[in-house]
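Chemist: To start, I am sharing the structure in question, which I have written as structure tokens.
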Amino acid sequence: MTTDANIFMRDTLTHVILEAGKLALEYFAKLDDIKFTQKSPKDLVTEADIEVEKFIKTELLQRYPQFGFWGEESGETEKRDSRWIVDPIDGTHSFFRGQYFWSISIALEMSENICLGAVYAPRLDDLYLAEKGKGAWKNQNPISVSQVDSLDEAMVCTGFACLRSNLENNNLERFSRVALKTRDQRRFGSAALDLCMVGDGQLDAFWEQNLNLYDVAAGCLIAEEAGANICDFSGNPGVNPEEVLVTNGKISEAMLKLM
């Protein structure tokens with residue numbers, strides 16, 4: 001793909017995700033009236049999730065009809081070599097309760113490689129963007145991981161997906177082990193945004209399990225392009241949504257021992 005094509009695609013992605021953010025904020029401003037259903041007893045989907053994804057899908061496929069699309073709410077179109085991977089509101093529970101830590105995540109996968117990613121937190125007005133091999137940015141400023149090299153000083157983050165609530169391996173024991181060894185832990189509620197915060201040096205590590213590719217595709221690229229190390233709980237490199245460990249690289253070995 002030519003440089004000009006890359007720039008146009010990046011600009012298109014930036015425009016679409018910012019406009020999607022405006023739409024999400026319209027729903028956020030009227031939460032008392034928002035309609036929602038339950039996928040399961042602990043898993044909500046709101047009309048905002050559905051309408052934001054519909055907007056993103058329409059905008060991107062109008063511009064790139066040759067690409068496929070995989071969204072959390074609408075599922076996957078016909079499998080193609082290139083596809084957009086979208087989570088319209090990552091952190092729906094936070095959104096629904098009027099909290100600020102939720103985000104919109106869009107990644108572009110080409111030949112099974114994530115090559116472009118954007119995560120936008122509308123209520124925080126933070127836009128993270130990355131292009132494979134080109135770096136990562138927050139609000140147009142380059143970002144990089146922290147230099148913390150000791151668990152005693154580390155600020156780490158995880159999540160407890162509602163879909164894991166009835167599983168024996170539900171992250172609680174792992175959370176407890178890590179809590180005893182690190183300075184502090186956070187649980188913000190949006191994996192996509194958590195990953196960006198590792199890339200931005202606000203966090204030193206993030207781990208979670210039993211996720212989907214649309215939860216982590218864009219965020220992992222952003223973190224990686226900012227210098228993060230990405231592997232599964234056994235240390236195998238790459239993005240495995242079932243087991244995601246992302247660190248600043250300096251505490252990877254220590255974190256792996258706790259996984």
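Chemist: Mind checking which of LEU258, GLY199, GLY238 is farthest towards the positive end of segment 152-259's charge dipole, using Cβ charges of +1 (Lys, Arg) and -1 (Asp, Glu) about the Cα centre?
Modeler: It is LEU258.
Chemist: Something else now. Per-residue HN-Hα couplings for segment 64-81, Karplus 6.51 cos²θ - 1.76 cosθ + 1.60 at θ = phi - 60°, whole Hz, x for Gly and Pro?
Modeler: Rounded to whole hertz, the list is 10, x, 7, 8, x, 8, 10, x, 4, 8, 9, x, 10, 6, 3, 4, 9, 4.
Chemist: P(r) for segment 107-216, please, calculated from all Cα pair distances in 10 Å bins and given in %.
Modeler: 13, 39, 35, 13, 0
Chemist: Only four residue types carry charge here, +1 at the Cβ of Lys and Arg and -1 at the Cβ of Asp and Glu. Report the dipole size of the chain about the Cα centre in Debye, rounded to the nearest 20. Could the numbers behind the result be given before it?
Modeler: Values: 26 positive and 41 negative charges, 52 e Å.
Magnitude of the dipole: close to 260 debye.
Chemist: Hey, what did segment 76-167 get for relative contact order, percent, Cα under 8 Å, at least 6 apart?
Modeler: On the way: 122 pairs, mean separation 14.6, N = 92.
16 percent.
Chemist: Ranked highest first by average number of other Cβ atoms within 10 Å, how do 50-59, 205-214, 10-19, 134-143 line up? Each step should come with its number before you reach the end.
Modeler: On the way: 50-59: 19.0, 205-214: 23.0, 10-19: 17.1, 134-143: 15.0.
Those peptides, ordered most packed to least, come out 205-214, 50-59, 10-19, 134-143.
Chemist: Can you tell me the dipole magnitude for segment 1-145 around its Cα centre, using point charges on the Cβ only (Lys, Arg +1; Asp, Glu -1), in Debye to the nearest 20?
Modeler: Details: 17 positive and 24 negative charges, 40 e Å.
Approximately 200 debye in magnitude.
Chemist: Now for a different question. With the dipole of the chain worked out from charges on the C-beta (+1 for Lys and Arg, -1 for Asp and Glu) around the Cα centre, which of ASN229, ILE34, GLN99 lies farthest toward the positive end?
Modeler: Toward the positive end, the furthest listed residue is GLN99.
Chemist: Counting heavy atoms of the protein chains only and a 1.4 Å probe, report the per residue accessible area for the chain as a whole number of Å².
Modeler: Details: 11980 Å² over 259 residues.
That works out to 46 Å² per residue.
Chemist: Let me ask another. Name the shape class, rounded, prolate or oblate, that the alpha-carbon gyration tensor gives for segment 42-87, where a ≥ b ≥ c are the square roots of its eigenvalues, rounded holds for a/c under 1.5, and otherwise prolate holds if a/b is larger than b/c and oblate otherwise. Kindly include the intermediate steps, with their values, before the conclusion.
Modeler: Values: a/c = 3.50, a/b = 1.72, b/c = 2.04.
Oblate is the answer for segment 42-87, as a/c is 1.5 or above yet b/c matches or exceeds a/b.
Chemist: May I pose another question? Could you give me the ³J(HN,Hα) list for segment 137-149, computed from phi with Karplus coefficients 6.51, -1.76, 1.60 and θ = phi - 60°, whole Hz, x at Gly and Pro?
Modeler: 9, 10, 6, 6, 9, x, 10, 8, 5, 6, 10, 4, 10
Chemist: Dipole of segment 48-131 (Lys/Arg Cβ +1, Asp/Glu Cβ -1, origin at the Cα centre): which of PHE55, THR77, GLY117 lies farthest to the positive side?
Modeler: It is PHE55, whose Cα lies furthest towards the positive end.
Chemist: Compute the Kirkwood hydrodynamic radius of the chain, taking the inverse of the mean of 1/r over all pairs of distinct Cα atoms, and give it in Å to one decimal. Please list the in-between numbers first.
Modeler: Values: mean 1/r = 0.0546 Å⁻¹.
Taking every pair of different Cα atoms in the chain, averaging 1/r and inverting gives 18.3 Å.
Chemist: Report, to the nearest whole %, how much of the accessible area of segment 103-259 belongs to carbon and sulfur atoms, 1.4 Å probe, protein only. Write out the running numbers ahead of the final one.
Modeler: Working: 2830 of 6560 Å².
Taking all protein chains in place, segment 103-259 shows 43 percent carbon and sulfur surface.
Chemist: Same structure, new question: Taking only DSSP H segments of four or more residues, each worth -39500 (n - 2.57), what value at 222 nm results for the chain once the sum is divided by all its residues, to the nearest 500 deg cm²/dmol? Display every interim value, and only then the final one.
Modeler: Working: 7 runs with 87 residues, N = 259.
Only helices count here, giving -10500 deg cm²/dmol.
The values are calculated or read from the model by the stated rules, or taken from the named source; none is laboratory data. These numbers were taken from a predicted model, which means no experiment stands behind them. All Cβ positions, glycine included, derive from the backbone under ideal geometry; neighbour counts span all protein chains shown. The accessibility values were calculated without ligands, DNA or RNA, using every heavy atom of the protein model including side chains. Shrake-Rupley method; radii C 1.70, N 1.55, O 1.52, S 1.80 Å.
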